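Structure record follows, encoded as structure tokens.
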Amino acid sequence: MSKILVVEDDPSIQDVIATYLERDGHEVLRASSGSEALKHFEVGVDLVVLDIMIPHPDGLEVTRRVRDSGPVPILIISARGEEADRVIGLELGADDYLTKPFAPREMLARVKALLRRAKLPSVGSVTSSGMVIDVSARSVTLEGNRVELTSQEYELLRTLASVPGKSFTRDELLEKVWGDDYAGGGRRVDNCVSRLRTKLQLPGGRDPIRSIWGVGYRLENE
């Protein structure tokens, strides 16, 4: 059972989120403001579901403080769905961003995916074909240059890096990165791998992700 902190100042929305999480077997803590949230966080939680438009301080400031103190997964929920708002939240350290109104089932799928990612084996860094993945810093460099990845691109790469040389099936990657309730199947994985390959490509067209015919993908390591 995971301990999840729900930070939402609208009582009806807070009740819906908490009810679905509790039905899924989680222990739920509640907060209606940033100051309440930070007090709860001091006792330790496994994941934070956070509305960014809360008072005293707002959700973006809470995100920054939580991320500065540790790697607890953060799922932002907000009525502000503009790209700029999502980018700011993710840049401050949020792991995922869900726009209101949302289906509770989708929220549960995002939570499950984030909890799975948090349980992946911890590795300090992985070097492959001139690429360095620093898991503790959530950064990727290629021949010394930082590579900008989306949250899902990073998590897919991190999953492959958790066991370098292991061949992951598309279903395994879909479940670990997106959650088993996501639609799109293997095509979603293939599209994300394609974007990663574009960003990680070395001279000569080499990239560190190898396709395994009939299986899926693996990360080659030096």
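Just one of the listed residues (Met53, Met1) is in a loop (DSSP other than H, G, I, E, B), modelled with pLDDT under 95, surrounded by fewer than 19 Cβ atoms within 10 Å (Cβ to Cβ) and in contact with a Ser or Thr (Cβ under 9 Å, 6 or more places away or on another chain), namely Met53.
Could you tell me whether any residue of the stretch 57-75 is out of contact with any Cys (no Cβ under 7 Å at 6 or more places or on another chain), open to solvent by 60 Å² or more (accessible area, probe 1.4 Å), more than 30 Å from Leu156 (Cβ to Cβ) and not aromatic (Phe, Trp, Tyr)? Within the stretch 57-75, one or more residues are out of contact with any Cys (no Cβ under 7 Å at 6 or more places or on another chain), open to solvent by 60 Å² or more (accessible area, probe 1.4 Å), more than 30 Å from Leu156 (Cβ to Cβ) and not aromatic (Phe, Trp, Tyr). For residues in the stretch 4-50 being outside any helix (DSSP H, G or I) and among the hydroxyl-bearing types (Ser, Thr, Tyr), which is farthest from Pro104 (Cα to Cα)? Here the answer is Ser33. For the stretch 61-91, residues that are part of a loop (DSSP other than H, G, I, E, B), without any contact (Cβ under 8 Å) to a residue 24 or more places away in the chain and charged (D, E, K, R) total 1.
Table: residues versus (1) outside any strand (DSSP E or B); (2) surrounded by 15 or more Cβ atoms within 10 Å (Cβ to Cβ); (3) modelled with pLDDT under 85.
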| residue | (1), (2), (3) |
| --- | --- |
| Glu175 | yes, yes, yes |
| Asp180 | yes, no, yes |
| Arg188 | yes, yes, yes |
| Asn191 | yes, no, no |
| Ser211 | no, no, no |
| Tyr217 | no, yes, no |
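A quick yes/no check of all residues on (1) among the basic types (Lys, Arg); (2) in contact with a helix residue (DSSP H, G or I) (Cβ under 9 Å, 6 or more places away or on another chain); (3) closer than 12 Å to Ile4 by Cβ; (4) free of Cβ contacts under 8 Å to residues at least 40 places away in the same chain:
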{"site": "Val16", "(1), (2), (3), (4)": "no, yes, no, no"}
{"site": "Leu21", "(1), (2), (3), (4)": "no, yes, yes, no"}
{"site": "Val28", "(1), (2), (3), (4)": "no, yes, yes, yes"}
{"site": "Leu47", "(1), (2), (3), (4)": "no, yes, yes, no"}
{"site": "Ile54", "(1), (2), (3), (4)": "no, yes, no, no"}
{"site": "Asp58", "(1), (2), (3), (4)": "no, yes, no, yes"}
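The values are calculated or read from the model by the stated rules, or taken from the named source; none is laboratory data. Because the structure is a prediction, the values reported are computed rather than measured. Cβ coordinates were reconstructed from backbone atoms using ideal geometry, including for glycine residues, and neighbour counts include every protein chain displayed. Note: accessible area is taken over every heavy atom of the protein model, side chains too, but ligands, DNA and RNA are not part of it. Shrake-Rupley method; radii C 1.70, N 1.55, O 1.52, S 1.80 Å.
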